[in-house]
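Structure first, then comments.
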Amino acid sequence: MSELNEEEFPPPGVDLTHPSPARIYDYALGGTSNWEIDRQFADKLIADYPMVKSIALANRMFLHRAVRHLVKAGIRQFIDIGSGLPTMGHTHEVADRLAPGQARVVYVDYEPVAVAHSRSILREHGDENRHTAIHADMRDTDRLWDAIADTGILDLDQPVALLLIAVLHFQQPPAHPDTDRDDIGASVVARYRELLPPNSYLAISHATNHNVPATQVKLLADLKALYDNLSSPAIWRTHQEVTDLFGNFTLHPPGVTWTPLWHPEESTGRDVTIQFDDPSESVILAGIAQKEA
């Protein structure tokens, strides 16, 4: 993986006046695509709550297991929205290990640095005919869908897996003056469900402050206060609210559950094993559902 050179970066449009959730997450996972302002924020957070790293890793391992599960189910097309920075195995890398030369992936992110660095990684380790990264606002659903179609990478008349991994609990600044700040949520995901072709899949992971240990409630309250002062305020949803995001899609067993409990048998020797005293300490709910034909 290429290390980020702080003298050459950031790409145009990258805000270094505030820490970035994507770059903080990258740092927590041991990545190099972050700046001093992100590391200072993350170091303070990890010093107060060492379990933050385990939570981030558990979420990343869910992504890996979900992609394997979907490839085994026959999926060869992926849309990874809010894909973030290329840390610890991107979607195309995980898919290609099971289906070499077959998986087609479009990464979508709102942060210019995530897109720029993903493109750099794909130039070195991807296939330009099967993998690409685009810059887009996930709230602008139809425009984003058109942009995906314009890449020519995916056939949007055939089944696709839409990955919304740890993205829906962060808000983005308005893309347009007439765009509400808090419009990421149920209505946006509902539109993506409409756009997905039959037999497609939707994978979601989302933080919650319900039915978690008291220490994690405090962590999430502090985390929300910190993020609310940044450009990406946080929203925690209940188990029912996360379940509702899947609409009338058919949830695969075990339904919406804590990240460590979602198909642990899909783990491989490449994955990191994270130990929690109780799965609820992971604070992130996850699930996969299918759109019936």
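Within region 235-252, can you find the residues that are in contact with a Lys or Arg (Cβ under 9 Å, 6 or more places away or on another chain) and in a helix (DSSP H, G or I)?
Scanning region 235-252 gives a single hit, Asp244.
Please specify each residue of region 91-110 satisfying the condition of being within 24 Å of Asp26 (Cβ to Cβ) and in a loop (DSSP other than H, G, I, E, B).
Correct list: Ala103, Tyr110.
For region 275-293, name all the residues that are under 18 Å from Leu220 (Cβ atoms) and in contact (Cβ under 8 Å) with a residue 12 or more places away in the chain. Can you show your working first?
At the first step, the residues of region 275-293 found to be under 18 Å from Leu220 (Cβ atoms) are 276-286.
Passing the criteria: Phe276, Asp278, Pro279, Ser280, Glu281, Ser282, Val283, Ile284, Leu285, Ala286.
Name, by its number, the condition in (1) of a type in the set (Asp, Glu); (2) without any contact (Cβ under 8 Å) to a residue 24 or more places away in the chain; (3) surrounded by 14 or more Cβ atoms within 10 Å (Cβ to Cβ) that does not hold for Asp271.
(2)
Go through (1) surrounded by 17 or more Cβ atoms within 10 Å (Cβ to Cβ); (2) closer than 14 Å to Gly287 by Cα for Gly247 and report which single condition fails.
(1)
Please specify each residue of region 135-170 satisfying the condition of being buried (at least 20 other Cβ atoms within 10 Å of the Cβ), β-branched (Val, Ile, Thr) and in contact with a Leu (Cβ under 8 Å, 6 or more places away or on another chain).
Within region 135-170, Ile148, Val160, Ile165 qualify.
Taking helices (runs of 4 or more DSSP H) that do not extend beyond region 15-82, which have at least 3 residues that are aliphatic (A, V, I, L, M) and surrounded by fewer than 22 Cβ atoms within 10 Å (Cβ to Cβ)?
In region 15-82, 36-48, 51-72 are the helices (runs of 4 or more DSSP H) which contain 3 or more residues that are aliphatic (A, V, I, L, M) and surrounded by fewer than 22 Cβ atoms within 10 Å (Cβ to Cβ).
Collect the residues in region 210-242 that are polar (S, T, N, Q), surrounded by 18 or more Cβ atoms within 10 Å (Cβ to Cβ) and either in contact with an Asp or Glu (Cβ under 9 Å, 6 or more places away or on another chain) or modelled with pLDDT of 95 or more (or both), keeping them in residue-number order.
Correct list: Gln216 only.
To keep it simple, each residue is scored yes or no on (1) in contact with a Lys or Arg (Cβ under 7 Å, 6 or more places away or on another chain); (2) among the aliphatic types (A, V, I, L, M).
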residue	(1), (2)
Ala116	no, yes
Leu122	no, yes
Thr141	yes, no
Ile153	yes, yes
Leu168	no, yes
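Give me a count of the residues in region 233-282 that are among the β-branched types (Val, Ile, Thr) and over 25 Å from Val188 (Cα atoms).
4
Among residues belonging to region 1-38 that are among the charged types (D, E, K, R) and more than 23 Å from His206 (Cα to Cα), point out the one that is modelled with the highest pLDDT.
For region 1-38, the residue satisfying everything is Glu36.
For region 253-275, how many residues are in a loop (DSSP other than H, G, I, E, B), within 19 Å of the chain's Cα centre (by Cα) and not acidic (Asp, Glu)?
Going through region 253-275 one residue at a time, the tally reaches 7.
Enumerate the pairs (first residue in region 114-134 and closer than 22 Å to Gly101 by Cβ; second residue anywhere and surrounded by 15 or more Cβ atoms within 10 Å (Cβ to Cβ) and among the aromatic types (Phe, Trp, Tyr)) with beta-carbon separation below 7 Å, excluding pairs fewer than 6 apart on the same chain, so at least 6 apart or on different chains.
Ser118/Tyr107; Ala133/Tyr107
Which members of region 28-64 meet the condition of being closer than 18 Å to Phe276 by Cα and charged (D, E, K, R)?
Once the filter is applied, which keeps residues that are closer than 18 Å to Phe276 by Cα and charged (D, E, K, R), region 28-64 yields Asp48, Lys53, Arg60.
The values are calculated or read from the model by the stated rules, or taken from the named source; none is laboratory data. Keep in mind that what you see is a predicted model, and the values were worked out from it rather than measured. Counting neighbours? That spans all protein chains shown, and the Cβs are built from the backbone with ideal geometry, glycine included.
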